[in-house]
1. For the chain, what is the charge dipole size about the Cα centre, in debye to the nearest 20, if Lys and Arg each add +1 at the Cβ and Asp and Glu each add -1 at the Cβ?
2. Using the Cα centre of segment 25-241 as the reference point, and only Cβ charges (+1 on K/R, -1 on D/E), how large is the resulting charge dipole? Debye, rounded to the nearest 20.
3. Just tell me, in residue order, which DSSP H segments of the chain are both 30 angstrom or longer along the helix axis (alpha-carbon based) and at least 1.0 in mean Kyte-Doolittle hydropathy.
4. Could the peptides 201-209, 232-240, 388-396 be put in order, highest first, of the mean number of other beta-carbon atoms found within 10 Å of their residues?
5. Any chance you could run the full-extension gain for residue 430 through residue 193? It's 0.36 nm times the residue separation minus the Cα-Cα distance, nm to one decimal.
6. What is the distance, in nm, between label points placed 7 Å from the Cα along the Cα-to-Cβ direction at residue 448 and at residue 163?
7. Using R₀ = 60 Å, calculate the FRET efficiency as 1/(1 + (r/R₀)^6) where r is the Cβ-Cβ separation of residue 437 and residue 62; round to 0.05.
8. With a Förster radius of 41 Å, plug the Cβ-Cβ distance of residue 477 and residue 361 into 1/(1 + (r/R0)^6) and report the FRET value to the nearest 0.05.
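Only the coordinates and a few stated rules stand behind these numbers; no lab work does. Note that this is a predicted model, so its numbers are computed, not measured. Positions of Cβ are backbone-derived with ideal geometry, glycine not excepted, and every protein chain shown enters the neighbour counts.
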Amino acid sequence: MAGILGVLVGMGRQMLVAWYFGAGVEMDAWFTSAAIPTYLSAVLLSGLSFVLIPALVRHQEKQDRDRAGSLILTFLAVSFVISTTVAIAVGSCSQIIIRFVAPGLDALSAGQAADLLRIQILAFPLMTTASIAMGSGNAYRLFFLPACSVAIGTLANTVSVLVLTPYLGVYALAWGWVLGYVASACFCLRLIAPHIRWSLLSLRDPELRHLGRLVLPFLLFGMLTRCVPLIEKHIASNLPVGQIAYLGYATRISRLLGSLAGGGIGVAIFPAMSRSLSRDGIKGLSETTERGLIVTLSIGVPIVTFFLVAAVPTIQLLLGRGRFDAATVEAVARACAPLAVVSVGLLLGNVLGRSFYTTQTTWITPFLGSLCVLCFLFLSHVFVSRFQYMGLAFARACATMTTVMVMMVLLMVKLRARFLQLWTFMLIYLVAAGFYVWAFHVVQPWYSQFGPLHRVVVSCVTIAAFFGAVLALWERRLLLDVLDLFGYSKIRSVIRVLRHPPVRDYYSP
């Protein structure tokens, strides 16, 4: 439910941004500047939650709540000091950084991007705080409310953009970014405040130093593994104006919908993996991982299928107004399907990576991420000259899925598992997706007569019914697990209470 709320709010923000700014020079500058704080947070935070959550779970099982609370406070304090220092350095060198990241931008766009970066980087310490607080909440089995913090931050961002754009123009996007993370960080901190113990651990504490050594590979490899968006901006800056924005919009839309596929799974499964390993050993971890991958594919494949058949009416319906003209709709829609593949691949990689991290094998995922970057560099060199911005989308999809397949094989070796159920399910599900796409092309002449709203609704209903039937034939419990991600059990509970409210005896003493 929280994921759906976040998607709806995020869609509203993208609609507002598309209405005001379209896909021109201003949005090229915005997407370029936004890539830098996103990259920095990914480098700094990618390993912190993965290392912190298992440590907190272990302390909970030992009933050592004071130690767990001190560990949270120490992580928050250290990360805040580091991120603030980095933010000051980046703000001071914003022009140099923009010139290095996007050398193809003209002087006006580069200057605008540098100004935007100086504002956006103010949110970097808040981004680290919100992420660590959210991960800590997950360790205490708080999932719904921490997930709502994303929607709250996006809502604050959207309202800020709506209010400030008439006065500040494109700079309202940067200030909305900052205010959104202020709201998100405050909300997350309020949630975990009861679990924090206000005593810092010594930096010489053995456990803290051990966790620091586990984080170190993430920081070192992360500088390379997380740089694909920066490489993308570097290459796209030499393409015609607007192509950075095409990729930016397509990435945001595909990830918003893709987050429905595994955002909740990735959050909930890591503590479950830690508990499975603690209770049942490697066999329990293997079964939990396989189930997480199957559930992720259960929603990810239909979302990619949706973009293959309904990308144009979807973008037209969501963004096609204001300065977002018909040519921009077509350009963004073309990139949605391959970037949706990237989003699903990242979600699968998230589940696989968390399984490695649960066993405290922290070097494999960063190492494979480095190979993914090298693969992306090679493929982008091959594709961009022929397909321009679409070449970058194809390169990312191919590199991401190749890395996921390699990671899956290595995990099978690590856990001594075959994942036969996963491979069988994947084959059947992909064949079903291919059949649906073929059937769509058969009826496309009839389908194209409708307006964008009717086409999107028809696509959603038929895809949900078709893949729901496939899941029911495969395993009814799996279908219920997928529906639970969208709040099915909670909705049924509410309806049951409304239909049969509990009877209270007001006359009893």
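1. 960 debye
2. The dipole of segment 25-241 has a size of about 680 debye.
3. Values: long enough: 25-45 (31 Å, 1.07); 65-92 (41 Å, 1.28); 144-168 (36 Å, 1.56); 171-192 (32 Å, 1.48); 243-319 (50 Å, 0.90); 326-358 (47 Å, 1.18); 364-387 (34 Å, 1.76); 389-415 (39 Å, 1.62); 420-447 (40 Å, 1.17); 452-474 (33 Å, 1.74).
Those that clear 30 Å and a mean of 1.0 are 25-45, 65-92, 144-168, 171-192, 326-358, 364-387, 389-415, 420-447, 452-474.
4. Peptide ranking by packing, descending: 388-396, 232-240, 201-209.
5. Taking residue 430 through residue 193 to full extension adds about 80.8 nm, to one decimal.
6. Here the answer is 4.6 nm between the modelled labels.
7. Efficiency, from the Cβ-Cβ distance: 0.70.
8. Using R0 = 41 Å, I get an efficiency of 0.85.
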